[in-house]
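What follows is one structure encoded as structure tokens, with my remarks underneath.
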Amino acid sequence: MEAAKVAVNLAKENLHADERKYELGAEPVFFVLDAQTQLAQAELNLIQAQVNFQIAVAQVDHATGDLLEHHRVQVTEPAK
């Protein structure tokens, strides 16, 4: 997940640099659009890494029998 966060930050920096170059007329808009696409992909990768982490935690909790306890769910006997 940390690598994905770094990738997002780098993609943001790249986008800002390409936007500045475009404003100065040093490069065509294609590079700005490409940088936006790369940022969107980096953000998607970060979200996917976060989802995968949460799924892995739930799978470990399920395998160890701690799923209910992890979410503070208590099962009690019904009153007679």
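The values are calculated or read from the model by the stated rules, or taken from the named source; none is laboratory data. Here the structure is a predicted model, which is why all the values come from computation and not from measurement. For neighbour counting, all protein chains shown are included, and Cβ atoms are generated from backbone atoms with ideal geometry for every residue, glycine included.
Quick look at the numbers
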| read-out | value |
| --- | --- |
| Number of the exception - LEU24 against (1) surrounded by 10 or more Cβ atoms within 10 Å (Cβ to Cβ); (2) modelled with pLDDT of 95 or more | (1) |
| Pair list, Cβ < 7 Å and 6+ apart or interchain, from segment 68-80 residues that are surrounded by 10 or more Cβ atoms within 10 Å (Cβ to Cβ) to residues that are at pLDDT 85 or above | HIS70/ASP61 |
| Unmet criterion (only one of (1) of a type outside the set (Gly, Ala, Ser); (2) under 12 Å from the mean Cα position of the chain (by Cα); (3) at pLDDT 95 or above) for MET1 | (3) |
